[in-house]
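S.K.: Could you have a look at this structure, given as structure tokens, before my questions?
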Amino acid sequence: MKEVCRIGLDIAKLNFQVHGVDQYAKDVFNKKLKRNQVLPFFANLPACLIGIEACAGAHYWAREIEGLGVGHTVRLISPRHVKPFVINNKTDAADARAICEVVGRPSTRFVNVKTVEQQDISAWHRIRELAVKERTAVVNQTRALLGEQGIIIPQGIAHVRHSLPVIIEDLENKLSLSARDYMSKLYNKIVGYDEEIDDYTSRIMAYAKSNEACQRILQIPGVGPVTATAIIAHVGDAKQFKNGRAFAACLGLTPREHSSGGKQKLLGITKRGNDYIRCLLIQGARVALRYGLVKAEAEQISEEQVAVLQASEDPAVTGKALTEAIPRLKWMQNLTARRGKHIAAVALANKTARIIWAMLSSGETYNPATA
């Protein structure tokens, strides 16, 4: 049999498909494996390049295959890059062939393999996010059911927490015993979700305090512990990205492009990649704009720093000097006046993502004067 040098692995729960080619891209095999046959199969092969779609279980299999000690190199590929190479009908064999084709292309962008620690932190965020959504659903249902009974509670979880026990105990509001029973159960659900959210939030906060990279990017206005830990769990040291724009593009914060004939046409942001982190960055940028966190940051610069930045012997520390001291503040103010606060928030999130990439990839601390 010809020596295989590149393999496409289509993973699943029980049945796996492998497609291998030699150095001339000629097919060597395309076969099905059971789950317990995967690791012995790769342990008996010479070192080769292995491609896997970045889906459920991909990070686990990448770590396991690379840990065999044979010398395999595993690359995770976004399913968006694989789909165009599936020929004719979609089958496991066709998927494995397409993965094998894409992993050998030099222009393919790969997904970084996560460590066990990164997956654990990601799990905290997923569980917390699900609990928040379910709590919101229960709160909305509670308000709707009370509305059917003629009792109105203002919007907001705090109002429901405060008002619901009082409503249940009030014997003059004409609620039936059955209504008081299911309202009590809904209130217990809300309390249970509060405890679960607080538990995972405390874990995230503790990790943010203990992680050096999180502490560095927490200095950026608009970045909190939840955002910092989510980014560390998703990208690690961010060195797999060529530059800050590539990192921002990975989060879907760069504009779509529809250019032709030498005419460039930029559209809205792509919204590809991790929508959870993108949402956190944009919400953090909205907070930074609303409460003037960047302006407050500018006001903390010492007179000596302003003097150096202004290239003047004795500058007056005025609002204008502070604005010019931090280019990001002047840029943000101009953009908000020109395009509005919503577009400015997305643009600030894009800039924040690029700053985060620079700090993670170089190991530097945050410097507001050059951000």
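The values are calculated or read from the model by the stated rules, or taken from the named source; none is laboratory data. All of these numbers come straight from a predicted model, not from anything done at the bench. We place every Cβ from the backbone using ideal geometry, glycine too, and count neighbours over all the protein chains shown.
S.K.: Look through the range 71-102, keep the residues that are assigned to a helix (DSSP H, G or I), without any contact (Cβ under 8 Å) to a residue 40 or more places away in the chain and surrounded by 18 or more Cβ atoms within 10 Å (Cβ to Cβ), and return whichever of them is farthest from the chain's Cα centre (by Cα).
M.R.: Ala94
S.K.: So which residues in the range 158-199 are of a type in the set (Asp, Glu) and over 40 Å from the mean Cα position of the chain (by Cα)? Working first, answer last.
M.R.: As a first pass, look at the range 158-199 and keep what is of a type in the set (Asp, Glu): 169-170, 172, 181, 194-196, 198-199.
Once the filter is applied, which keeps residues that are of a type in the set (Asp, Glu) and over 40 Å from the mean Cα position of the chain (by Cα), the range 158-199 yields Glu169, Asp170, Glu172, Asp181.
S.K.: If you don't mind, another one. Quick one: which helices (runs of 4 or more DSSP H) lie wholly within the range 290-371 and hold at least 1 residues that are modelled with pLDDT of 85 or more and either on the phi > 0 side of the Ramachandran plot or under 26 Å from the mean Cα position of the chain (by Cα) (or both)? Talk me through it step by step, then tell me what you get.
M.R.: Values: elements: 293-299, 303-310, 319-325, 327-339, 341-362.
By residue number, 327-339, 341-362.
S.K.: Might you check whether a residue that is crowded, with 18+ Cβ neighbours inside 10 Å, β-branched (Val, Ile, Thr), over 30 Å from Met205 (Cβ atoms) and not assigned by TED's automatic domain parsing to the domain that holds Phe247 occurs anywhere in the range 116-130?
M.R.: No, every residue in the range 116-130 fails to be crowded, with 18+ Cβ neighbours inside 10 Å, β-branched (Val, Ile, Thr), over 30 Å from Met205 (Cβ atoms) and not assigned by TED's automatic domain parsing to the domain that holds Phe247.
S.K.: Looking at the range 203-280, what helices (runs of 4 or more DSSP H) fall wholly within it and have at least 1 residues that are in contact with a Lys or Arg (Cβ under 7 Å, 6 or more places away or on another chain)? Reasoning before the result, please.
M.R.: On the way: elements: 212-217, 225-235, 244-250.
It comes to 244-250.
S.K.: Could you say which residue among Thr254, Thr227 is crowded, with 16+ Cβ neighbours inside 10 Å, touching a Leu at 6+ places or on another chain (Cβ under 6 Å) and modelled with pLDDT of 90 or more?
M.R.: Details: Thr254 fails: touching a Leu at 6+ places or on another chain (Cβ under 6 Å).
Criteria check complete, one pass: Thr227.
S.K.: Could you go through the range 61-81 and let me know if any residue there is touching a Lys or Arg at 6+ places or on another chain (Cβ under 7 Å) and under 22 Å from Ile232 (Cβ atoms).
M.R.: Applying the first criterion (touching a Lys or Arg at 6+ places or on another chain (Cβ under 7 Å)) to the range 61-81 yields none.
No, every residue in the range 61-81 fails to be touching a Lys or Arg at 6+ places or on another chain (Cβ under 7 Å) and under 22 Å from Ile232 (Cβ atoms).
S.K.: On to the next question. From the residues in the range 103-130 that are small (Gly, Ala, Ser) and within 20 Å of Tyr276 (Cα to Cα), which one is nearest to the chain's Cα centre (by Cα)? Talk me through it step by step, then tell me what you get.
M.R.: First, the residues of the range 103-130 that are small (Gly, Ala, Ser): 104, 107, 122-123.
Filter again for within 20 Å of Tyr276 (Cα to Cα), leaving 122-123.
Details: Ser122: 9, Ala123: 12 Å.
Filtering the range 103-130 for residues that are small (Gly, Ala, Ser) and within 20 Å of Tyr276 (Cα to Cα), the one nearest to the chain's Cα centre (by Cα) comes out as Ser122.
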